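Trainee: A single structure is presented below for examination.
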């Protein structure tokens, strides 16, 4: 903080990004000081990623392979800390922000909670049709990573994101860890973020997300990891999430393609959790 003003950096995680990612980044780049763009795309640099690296304020970091969302988040947080920032805006490549996103979330940082604040989330505009609450800021359990404002002071206290989870439930685990450490997790209901969440379709009480078999593997493995770590502290949330998983299984059976393959990968995720096998899943037929 300089002269009473919070310093905010941003992280955007790239993975074979489409052309419209440039418009998404331009929607929020002027709201932060520096953008750390971590490219998880395999192989040589693409024209789009090269163009992103030329955007003012952007620092491009490439490894030539997919090291996972958790590793990318840690790279951004560590670089922002070294450069003296107070907060890190964590963005997905498919998210488009309103011009007051950061300032609205910063408004939730002072005087609105008796607890220190670990993360402030925006309200995600998705296909779900959900609408924001009337409160300017409200407590939430485990918001999605994209558009969140992470306190780097809280990051120092609670430690890095779990690299071994690789992708999926990285955000859930971190928010529960923050809450267990005594930090508040808030949502700024007037901070709006347009966020594409897969190929989502609603069928009455069921939501078919149409995630790939590989994503089903990660979601299942990491979901049980989170349950095992936090059911004692947050039993209601963890049990509710297992009920949600049951509805996801029914959605796969009733409405989605590749039913058997997805169910097999969910079983494999459960098996790997039981055997404490984490990290990146490697399988040529996946």
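Trainee: What distance in nm separates the simple spin-label points at residue 164 and residue 228, each placed 7 Å from Cα in the Cβ direction?
Mentor: 0.8
Trainee: May I ask what percent, to the nearest 5, of DSSP beta bridges between residues of the chain are antiparallel?
Mentor: 40
Trainee: Further question on the same structure: If only Cα atoms are counted, what is the Rg of segment 244-286, and what is its Dmax, in Å?
Mentor: Expressed in Å, the Cα Rg and Dmax of segment 244-286 come to 11.7, 31.
Trainee: In the Gaussian network model of the chain, springs joining C-alpha atoms below 10 Å, which of 19, 208, 80 carries the largest mean-square fluctuation?
Mentor: 19
Trainee: Sort 131, 200 by Cβ crowding within 10 Å, fewest neighbours at the top.
Mentor: 131, 200
Trainee: Could I ask something else about it? Most exposed first by the Cβ proxy, i.e. fewest other Cβ within 10 Å, how do 108, 238 rank?
Mentor: Ordered from fewest to most neighbouring Cβ atoms within 10 Å, 108, 238 come out as 238, 108.
Trainee: Of 151, 41, 50, which is the most mobile in a GNM of the chain whose springs link Cα atoms less than 10 angstrom apart?
Mentor: Ranking 151, 41, 50 by mean-square fluctuation puts 50 first.
Trainee: Which length gain, in nm to one decimal place, applies between residue 271 and residue 246 when the Cα-Cα distance is subtracted from 0.36 nm times their residue separation?
Mentor: 7.3 nm
Trainee: Something else about it: For residue 181 and residue 282, what is the calculated FRET efficiency with R₀ set at 35 Å and r taken between the beta-carbons, to the nearest 0.05?
Mentor: 0.60
Trainee: Then there's this: Let a ≥ b ≥ c be the square roots of the eigenvalues of the Cα gyration tensor of segment 1-87; is it rounded (a/c under 1.5), or, if not, prolate (a/b larger than b/c) or oblate?
Mentor: oblate
Trainee: Still on this structure, I have one more. How far is the Cα center of segment 38-107 from the Cα center of segment 125-158, in Å?
Mentor: First find each Cα centre; the distance between them is then 18 Å.
Trainee: With r defined as the distance between the Cβ atoms of residue 51 and residue 259 and R0 fixed at 45 Å, what FRET efficiency is calculated, to the nearest 0.05?
Mentor: Efficiency, rounded to the nearest 0.05: 0.70.
Trainee: Specify whether the C-alpha gyration tensor of segment 201-274 places it in the rounded, prolate or oblate class, a ≥ b ≥ c being the square roots of the eigenvalues: rounded for a/c under 1.5, otherwise prolate if a/b is larger than b/c and oblate if not.
Mentor: In terms of gyration-tensor shape, oblate.
Trainee: Helix-only mean residue ellipticity at 222 nm, the chain, DSSP H runs n ≥ 4 weighted -39,500 (n - 2.57), per residue, nearest 500. What is it?
Mentor: -11500 deg cm²/dmol
Trainee: Let me ask something additional. Give the order of 26, 62, 82 when sorted by the count of other beta carbons within 10 angstrom, beginning with the fewest.
Mentor: 82, 26, 62
Trainee: Further question: Quick one: pull the percentage of alpha-carbon pairs in the chain with a separation above 37 Å.
Mentor: Of all Cα-Cα distances in the chain, 11 percent exceed 37 Å.
Each reported figure results from applying straightforward, stated rules to the coordinates on display, with no laboratory input. Keep in mind the model is a prediction, meaning the values are calculated, not measured. Methodologically, a virtual Cβ is constructed for each residue, glycine included, from the backbone with ideal geometry; neighbour enumeration extends over all protein chains shown.
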